[in-house]
Amino acid sequence: MWRKLLAILSALLVFAASNQAHAEDGYDLWLRYRPLPESQQKQYAARLTHFVAPTHRPTILAAAEELQRGLEGLIGYRIVQRETVMGDGAVLVTTKGSPLLEGVDLPFDRIGAEGYLIRSIALYGKRVTVIAGNSDVGALYGVFALLKRIQLGQPIDSLDLTDAPRLRVRVLDHWDNLDRYVERGYAGQSLWDWQKLPRYSDPRYTDYARANASIGINGAVLTNVNANADVLRPEYLAKVKALADVFRPWGIRVYLTARFSAPIEIGGLKTADPLDPAVAAWWRAKADAIYGVIPDFGGFLVKANSEGQPGPADYHRSHAEGANMLADALAPHGGIVMWRAFVYSAQNAEDRHKQAYDEFAPLDGKFRDNVLLQVKNGAIDFQPREPFHPLFGAMPRTPLMMEFQITKEYLGFATHLAYLGTMWEEALASDTFRPGRGNTVARVLETPVDAGAVTGMAGVANIGSDRNWSGSQFDQANWYAFGRFAWNPEDKAEAIARDWAAMTWGDDPAVSGPIVEMMMGSREAVVDYMTPLGLGHQMATGHHYGPGPWIADLARPEWNPTYYSRADTGGIGFDRTATGSDALSQYAPDVAKRWGSLATVPDRLLLWFHHVPWDYRMKSGRTLWDELVTRYDAGVAYVAGMQARWAGLKGRIDAQRWAEVRDFLAIQRDEAQWWRDASIAYFQSLSKRPLPAGHAAPPHDLDWYKAIRTPYAPGNGG
Ligand code: GCW
């Protein structure tokens, strides 16, 4: 009796102590490693008694320390290192060719350079778990995979797992300026404290690298694509080196954005013409200098001739000529160029949707092997919904990498709960029909254009100095999901959400179940209350915060929401069929045919490709106008539903995180209503139709919504 009481008391004390030392504020991300129930702890403990690993190697040391840290949290003790297998329960963290594995047959040929295998085997008559890769980083990924299993309460008794990333370059693009301002950042300042580097390295850099490694991210572009050449100066390279040194054990390379005019700005040259020998020599010398400091430097990311950035077109050279010149400078060192296809021009009257394709498709096959063309998921700009970019599948001789935006510039910033996994799955699963059926965007990304060609995926980071990293608890899920899709573009959003929810909020299905349900419909809800039925870019100017569907007076036509909606008294939508801009002709004929016909275009893309009258009859039987209103209201209702679900989780989730999410949902609810009311007020001024029965009129007139100004909304400039 007393012993039992004492046990309960001490358990309570441990719980209280660990709670105090570790208030849940989101800092730990999905690597919380909270204690498992005692019965589970015992089962795992028997399997994990000690580890054997060549920890003189930095990446293996990182893996071993993560294993210790994770198990200490999850099962309550610090697993010790031994020279060799000392009994049952040894964990071997190692690589192919280890003398310990002599005579053991393991499928190293299945896991590539960065994959891992995890096997339960008998070694020297003992029950052992082997975690191994062909490289140290493979073993590191294997350790994270084992820890994930344990976090999810899955058995580890007879393991036989292999996994390997399907893309080679899996990078976060930080749009971070040198003064720590983050363009489109909603999570505080840049993590990179340039002023204190290189002498002081914030311990957060290690936690950032750990989190990335746990989901297989292997690169970080440290600086904004709207670039500043100063980062290429020697004093900044010393700072970049300090970050590279922290990241290296975690398998993460650093990359920088290269401002195309750097030879003029910091090199004293008169030109940045890529065909000028002095310019090429300057970049070669710059690359040599970078690799002298950072031998495993990843390469450059370039935004050229887009939104005011300099580029090869300034000298009447093509994008290929510009990219290849940089690629040649990096090639001797094994570096790559990620050249962005996000190019459109104010001087070009062509539908913005068509411009990148027109520019790049003719250059197929003209880029060096170490160039990756980085293409946004859609042809416009990270809208809540866009059809896939027509370049996917259209450049079979050019490596294309995907660019997703993790930070929610167009999806409600940090406060709106919008799980982007479903959006990315939708893009990746899209069938390009090039060269034929079944070649999805994911397959285009995964299939190297020739042996040894690079493949990749980039995500515009949503990470900043906020304690919870991403500006909100739920935006962490988007960072997590991005890593998972970069590892396997054919992964499933729901499976990813389930893993994330269980690791982040606890493995209790009564908690993680409702959370996953909230997440799975959340992006569609944003589409509904912001831009339903294929509308796009209806946001207010510059900061993109809140609705501005009436805006028509901006200098560049394609910056105006009215350019995209084409709403008038007759109807709404952008005719991109042959009678309109004919952007559809940039897709494979099967796709163009399906989306080009009113009979077969899905509702979700209707107004993206067609201009239809307000009384157009939808598949639901409603008129277009009624359907539009219905969608706006459905979006708002979904948010209300999330609020109710979240209220039901009170007490099951730690107080601080629960309250934060509750308050953010309240903000989202108000803003969803604002979007709905303002949009309906504007479109009704054109449709001149009554609201369908049961749908309330906006509480204010259109001018009231037009008068709203939010000049200090974050993310739009330093
Ligand atoms: O989405 C737009 C953003 C810009 C961004 C640009 C780009 C970095 O509004 O802030 O610039 O895209 O992707 O280059």
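The values are calculated or read from the model by the stated rules, or taken from the named source; none is laboratory data. Keep in mind the model is a prediction, meaning the values are calculated, not measured. In this analysis, Cβ positions are derived from the backbone assuming ideal geometry, glycine residues included, and neighbour counts consider all displayed protein chains. With ligands, DNA and RNA removed, areas are computed over all heavy atoms of the protein, side chains included. Shrake-Rupley method; radii C 1.70, N 1.55, O 1.52, S 1.80 Å.
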| query | GluC sites (Glu not before Pro) within the range 248-340: which are DSSP loop residues with at most 14 other Cβ atoms inside 10 Å? | reply | Glu307
| remark: Note to self, the chain gives a 222 nm [θ] from helices alone (DSSP H runs n ≥ 4, -39500 (n - 2.57) apiece, / all residues, nearest 500) of -12000 deg cm²/dmol
| note | With a 25 Å threshold on alpha-carbon distance, the violating pairs from Lys239/Lys376; Lys619/Lys706; Lys148/Lys492; Lys239/Lys303 are Lys239/Lys376; Lys619/Lys706
| field | Sequence of His695, His700 from largest to smallest accessible area, 1.4 Å probe | value | His700, His695
| request: Give a quick list of trypsin sites (Lys or Arg not before Pro) in the range 147-237 that DSSP marks as loop, anything other than H, G, I, E or B, with at most 15 other Cβ atoms within 10 Å. | output: Lys196, Arg199
| Taking square-rooted eigenvalues a ≥ b ≥ c of the alpha carbon gyration tensor, is the range 70-226 rounded, prolate or oblate, where a/c under 1.5 means rounded and, failing that, a/b exceeding b/c means prolate? | prolate
| Rounded, prolate or oblate: which one fits the range 154-305, using the alpha carbon gyration tensor with axes a ≥ b ≥ c (rounded when a/c is under 1.5, else prolate when a/b beats b/c, else oblate)? | prolate
| Residue-wise HN-Hα coupling along the range 82-93, computed from phi with Karplus coefficients 6.51, -1.76, 1.60 (Hz; x: Gly, Pro) | 10, 5, 8, 5, 9, x, 4, x, 6, 10, 9, 10
| task | For the chain, find the longest principal axis of its Cα atoms and tell me its angle to the long axis of helix 509-530, 0 to 90°, nearest 10. | result | 20 degrees
| If one takes the longest principal axis of the Cα atoms in the chain, at what angle in degrees, from 0 to 90 and to the nearest 10, does the Cα axis of helix 319-330 lie? | 20 degrees
| Assuming R0 = 56 Å, what is the FRET efficiency of Glu38 and Ala713, from their Cβ-Cβ distance, to the nearest 0.05? | 0.70
| Residue by residue through the range 686-703, which ³J(HN,Hα) values in whole Hz follow from phi under the Karplus form 6.51 cos²θ - 1.76 cosθ + 1.60 (θ = phi - 60°), with glycine and proline marked x? | 9, 6, 6, 10, x, 6, x, 4, x, 10, 6, 5, x, x, 10, 7, 4, 4
| query | What's the angle, to the nearest 10 degrees (0 to 90), between helix 38-47's Cα axis and the longest principal axis of the chain? | reply | 70 degrees
| message | Between the range 363-402 and the range 108-162, what is the separation of their alpha carbon centroids in Å? | response | 35 Å
| query | Over the range 107-197, what is the mean sequence separation of C-alpha contacts under 8 Å (at least six apart), divided by residue count, expressed as relative contact order in percent? | reply | 24 percent
| message | Could you report the chain's accessible area per residue, 1.4 Å probe, as an integer in Å²? | response | 38 Å²
| request: Ignoring everything but the protein chains, give the 1.4 Å probe accessible area of Ile266 in square angstrom, nearest 10. | output: 40 Å²
| task | Using amide H atoms built 1.01 Å from N in the peptide plane, name the residues 5+ places from Phe51, or on other chains, whose amide H lies under 5 Å from its own. | result | Val80, Gln81, Arg82, Val91
| note | Karplus ³J(HN,Hα) for the range 270-278 (6.51 cos²θ - 1.76 cosθ + 1.60, θ = phi - 60°; Hz, whole; x = Gly/Pro) runs 8, 9, 10, 4, x, 8, 7, x, 5
| query | Which distance in Å, rounded to a whole number, links the C-alpha centroids of the range 272-304 and the range 524-587? | reply | 39 Å
| Relative contact order (percent) for the chain, with alpha-carbon contacts under 8 angstrom and 6 or more residues of separation? | 11 percent
| task | Any chance you could list P(r) for the chain, counting all Cα-Cα pairs in 10 angstrom bins from zero, rounded to whole %? | result | 3, 14, 23, 25, 19, 11, 4, 1, 0
| query | On the accessible surface of the chain, probed at 1.4 Å, how many percent belong to carbon and sulfur atoms? | reply | 53 percent
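Under a Cβ-only charge scheme (Lys and Arg +1, Asp and Glu -1), can you give me the dipole magnitude of the range 425-553 about the Cα centre, in debye to the nearest 20?
240 debye
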| field | Dipole axis of the chain (+1 Lys, Arg; -1 Asp, Glu on Cβ), positive-most option in Pro384, Leu420, Gly651 | value | Gly651
| request: May I ask you to list the aspartates and glutamates whose Cα is less than 17 Å away from that of Lys593, ignoring any residue fewer than eight positions away on the same chain? | output: Asp431, Asp575, Asp582, Asp603
| message | Using amide H atoms built in the peptide plane, which far-off residues or other-chain residues are under 5 Å from Asp163 H to H? | response | Tyr116
| Under 17 Å from the 7 Å Cα→Cβ point of Arg689, by amide nitrogen: which residues of the range 511-548? | 532-535
| At a probe size of 1.4 Å, how large is the accessible area of Thr84, to the nearest 10 Å²? | 60 Å²
| query | Quick one: of the DSSP bridges fully inside the chain, what percent are antiparallel, nearest 5? | reply | 30 percent
| request: Report the chymotrypsin sites (Phe, Trp or Tyr not before Pro) located in the range 140-218 that are in a DSSP loop and have at most 11 other Cβ atoms inside 10 Å of their Cβ, or state none. | output: Tyr200
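Taking 8 Å as the Cα distance limit and 6 or more residues as the minimum spacing, I'd like the relative contact order of the range 281-379 as a percentage.
So the answer I get is 30 percent.
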| task | Give the long-range amide H neighbours of Tyr344: residues separated by 5 or more places, or on another chain, with amide H under 5 Å away, using H modelled in the peptide plane at 1.01 Å from N. | result | Glu307
